[in-house]
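Novice: Mind having a look at this structure? Questions to follow.
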Amino acid sequence: MNNPDSELVAGSCDIFVENNGCKISKERYNFSPSSEFNSGKISHDLTLLNGCLLSESLIESVGNFNPSLKIAGDTEYLVRIAATQPKICRITEVVYRYRQHNDSLTFNESNELNETGLLEGIEFMYEYADREHFPDNLRKYCLHSFRIRSLVLFRQYIVNGEILKGIKFAMGCIQKDKFWPVYLIYKFVEEYC
């Protein structure tokens with residue numbers, strides 16, 4: 001290995017579907033460059049964690065994967081990894097192939113699974129945005145992610161006719177983040193005007 005002091009080795013990931021026995025590549029994901037990852041620009045390509053090898057020392061400093069998170073565990077773990085600003089070695093070869101199918105948790109269109117994943121992410125992203133020992137850019141990323149995820153879920157409640165649930169959820173977001181309504185209006189104007 002050219003970088004023996006690397007704490008995280010990250011390869012590329014290939015997402016594919018099967019059609020009549022043929023594997024058709026849909027998308028290739030590459031792990032964020034070290035400078036971006038360590039400054040809080042975490043890729044949204046969630047399947048990438050599966051293409052990573054972590055050093056024992058990194059696992060000891062980050063802790064274990066959180067098994068209580070049903071959907072957003074990989075994102076939560078990546079945020080904790082980024083907080084340590086590890087030495088990363090990226091390799092361009094595909095080290096992980098992921099078959100996209102209707103029963104997968106990652107690509108499932110179920111509203112229930114989508115809601116679960118969003119709620120999980122909303123909770124830990126807000127908490128991590130307030131962690132003083134996290135790098136500033138990572139804290140900003142977490143706050144931005146909290147806002148985006150919560151707006152997506154708020155919209156989902158309203159579109160699905162769950163108005164009271166949406167209002168109750170929005171009130172909880174406002175209690176956490178007083179600028180949440182401003183962000184809501186900003187995103188609405190950005191999208192529709």
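The values are calculated or read from the model by the stated rules, or taken from the named source; none is laboratory data. Predicted model only: the values in this text are computed from it and were never measured. Ideal geometry is used to build each Cβ from the backbone, glycine not excepted, and the neighbour counts take in all protein chains shown. All accessible areas refer to the heavy atoms of the entire protein, side chains included, with ligands and DNA or RNA removed. Shrake-Rupley method; radii C 1.70, N 1.55, O 1.52, S 1.80 Å.
Novice: What is the sum of charges around Ser150, taking Lys and Arg as +1, Asp and Glu as -1, for the other residues whose C-beta is under 9 Å from the C-beta of Ser150?
Specialist: For residues surrounding Ser150, the net value is +2.
Novice: Going through the cross-link list Lys87/Lys187; Lys165/Lys187; Lys41/Lys176; Lys41/Lys187; Lys23/Lys140; Lys70/Lys176, which pairs have a Cα-Cα distance over 29 Å in this structure?
Specialist: Lys87/Lys187; Lys23/Lys140
Novice: How much space per residue, in cubic angstrom, does the convex hull of the C-alpha atoms of the stretch 56-193 take up?
Specialist: Here the figure is 163 Å³ per residue.
Novice: How large is the accessible surface per residue of the chain, computed with a 1.4 Å probe and reported in Å² as a whole number?
Specialist: I get 59 Å² per residue for the chain.
Novice: Students often check this: by mean Cβ neighbours within 10 Å, which of 136-147, 167-178 ranks highest, and how do the rest follow?
Specialist: Going from most to least packed, we get 136-147, 167-178.
Novice: Compare Ile81, Ile122, Ile59 in a GNM of the chain, Cα atoms joined below 10 Å, and give the one with the largest fluctuation.
Specialist: Ile59
Novice: Another question, then. If you count the DSSP beta bridges with both ends in the chain, what percent of them are antiparallel, to the nearest 5?
Specialist: Roughly 55 percent of the DSSP beta bridges within the chain come out antiparallel.
Novice: Can you give the FRET efficiency for Asn19 and Tyr192, using 1/(1 + (r/R0)^6), R0 = 30 Å, r = Cβ-Cβ distance, to the nearest 0.05?
Specialist: 0.25
Novice: Give the carbon-plus-sulfur fraction of the accessible surface of the chain in %, rounded to a whole number; probe 1.4 Å, heavy atoms of protein chains only.
Specialist: So the carbon and sulfur contribution to the accessible surface is 52 percent.
Novice: Roughly how tilted is helix 180-192, in degrees to the nearest 10 and between 0 and 90, from the longest Cα axis of the chain?
Specialist: In the chain, helix 180-192 runs at an angle near 80 degrees to the longest axis.
Novice: Which value in deg cm²/dmol, rounded to the nearest 500, describes the helix-derived mean residue ellipticity at 222 nm for the chain, given -39,500 (n - 2.57) per DSSP H run of n ≥ 4 and division by the residue count?
Specialist: For the chain, the value works out to -15500 deg cm²/dmol.
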